[in-house]
Amino acid sequence: MKIIRFITDGKEKTGLIEDFNIIELGCSVVEALNVKNIDKFKKNSSYPLENIKIKAPVLPSKVVCVGLNYQDHAAELNMDLPEEPVIFLKPPTTIIGHQDHIIYPYSSHQVDYEAEMGIIISKKAKNIKENNAREFIGGYTIINDVTARDLQKKDGQWTRAKSFDTFAPIGPVIETQMNPDNQNIFLKLNGEIKQDSNTKNMIFEVEELLEFISHIMTLNPGDIIATGTPPGVGSLQPGDRIETGVEDIGVLKNQIIRP
């Protein structure tokens with residue numbers, strides 16, 4: 001099922017997408033991810049998708065990102081496969097939603113896109129094991145790990161380059177029922193395919209990532225793990241339109257603007 005956070009009539013709501021309509025739910029997104037019978041939260045209200053404003057599906061306490069996690073991306077860069085995940089953080093202030101604008105900062109002259117599948121944590125996770133990792137995953141979403149590449153190279157570390165406001169578009173929904181290990185993933189820039197791969201090419205699968213990260217830091221409900229980007233990363237310009245897609249989730253659309 002597809003869980004969505006949206007605004008209608010000036011009010012923020014949680015919903016379930018069914019037959020191109022949104023069924024309002026009387027609960028939060030995190031509650032919807034943990035309940036066994038979603039029907040008990042369904043309200044009588046429904047809304048056409050075209051009549052609502054889609055918001056980022058969660059507001060995480062942190063976004064944990066994984067660097068170099070696709071075999072085909074490593075081959076593209078002529079790099080050895082990492083022995084363990086390389087991780088970094090994006091602050092929650094980077095989060096925007098579907099159809100929101102990515103702001104191109106004046107301090108950068110090379111802003112890149114990175115299409116990724118995101119894992120949504122449904123309950124507090126600490127020191128978990130691979131074999132029970134799925135118990136802590138509420139679903140999956142799309143994330144674009146926007147990066148000021150020139151600043152990343154200049155600084156020698158990644159915090160500034162990854163942390164500008166609007167540098168983590170996510171959404172448009174959380175898909176709770178899909179196989180994360182075999183999903184086509186793509187990115188279109190102004191209608192042209194730039195990234196095109198499959199999550200089966202990931203070096204570390206979702207269970208491995210969850211075990212590794214949860215032994216470093218506590219993951220809270222609503223937190224996101226961005227699972228790495230496939231080959232084809234490239235640069236953006238103000239005015240560009242981006243479509244970031246994962247097969248069973250949908251397409252996340254954003255545009256680049258100057259402030």
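The values are calculated or read from the model by the stated rules, or taken from the named source; none is laboratory data. Because the structure is predicted, anything quoted here is derived from the model rather than measured. In this analysis, Cβ positions are derived from the backbone assuming ideal geometry, glycine residues included, and neighbour counts consider all displayed protein chains. Side chains included, ligands, DNA and RNA excluded: accessible areas come from the protein's heavy atoms. Shrake-Rupley method; radii C 1.70, N 1.55, O 1.52, S 1.80 Å.
General observations
- Sites K154 and L59, calculated FRET efficiency, Cβ-Cβ separation with R0 30 Å, nearest 0.05: 0.50
- Take the range 157-259 with all the other protein chains still there, run a 1.4 Å probe, and you get 38 Å² of accessible area per residue.
- For the range 1-129, diffusion coefficient by Stokes-Einstein and Kirkwood Rh (Cα), 10 °C, 1.306 mPa s, µm²/s: 89
- Restricting the calculation to alpha carbons of the range 209-251 gives Rg and Dmax of 15.0, 41 angstrom.
- Between S45 and E24, the built amide H atoms are under 5 Å apart, and every one of these is 5 or more places off in sequence or on another chain.
- Heavy-atom accessible area order for E208, E130, E84, largest first, 1.4 Å probe: E84, E130, E208
- On the principal axes of its alpha carbon atoms, the range 129-257 extends 43, 33, 24 Å, with the longest extent given first.
- Helix-only CD estimate at 222 nm, as mean residue ellipticity for the chain, using -39500 (n - 2.57) per DSSP H run (n ≥ 4): -3000 deg cm²/dmol
- The residues packed around D9, meaning those with a beta-carbon under 12 Å from its beta-carbon, carry a net charge of +1 if Lys and Arg are +1 and Asp and Glu are -1.
- Note on T218 and L89: the extension gain reaches 45.1 nm, defined as 0.36 nm multiplied by sequence separation minus the Cα-Cα distance.
- Over all Cα atoms in the range 21-94, the spread is summed up by Rg and Dmax: 19.2, 55 Å.
- The HN-Hα couplings worked out from phi for the range 185-194 by the Karplus form 6.51 cos²θ - 1.76 cosθ + 1.60 (θ = phi - 60°) are 10, 8, 9, 10, 10, 6, x, 9, 5, 10 Hz, whole numbers, x standing for Gly and Pro.
- Here's the list of aspartates and glutamates a cross-link from K40 could span, going by alpha-carbon distance under 13 Å and ignoring same-chain residues fewer than 8 apart: E24, E31.
- For the range 241-259 versus the range 133-194, the spacing of their alpha-carbon centroids is 10 Å.
- The range 90-204 - Kirkwood radius from inverse mean 1/r over Cα pairs (Å): 15.7
- Local electrostatic count at F186 - Lys and Arg +1, Asp and Glu -1, tallied over other residues with Cβ under 10 Å: -1
- For D223, the residues whose amide H sits under 5 Å from its own are S61, I121, ignoring neighbours fewer than 5 places away on the same chain, with H placed 1.01 Å from N.
- Highest-fluctuation residue, K126, K200, K43 considered, GNM on the chain with Cα pairs under 10 Å: K43
- Rounded to the nearest Hz, the phi-derived 3J(HN,Hα) couplings of the range 150-158 under the Karplus curve 6.51 cos²θ - 1.76 cosθ + 1.60 (θ = phi - 60°) are 5, 6, 4, 5, 5, 7, x, 8, 10, where x marks glycine and proline.
- Each label point was placed 7 Å from the Cα along the Cα-to-Cβ direction; for E130 and S28 their separation is 3.2 nm.
- Rounded to whole Hz, the Karplus (6.51, -1.76, 1.60) HN-Hα couplings of the range 207-219, x for glycine and proline: 5, 5, 5, 5, 5, 4, 5, 5, 7, 9, 9, 6, 9
- Once the convex hull of all Cα atoms in the range 148-197 is built, its volume per residue stands at 150 Å³.
- Rule-of-thumb Rg ratio for the chain [Cα; 2.2 N^0.38 Å; N residues]: 0.97
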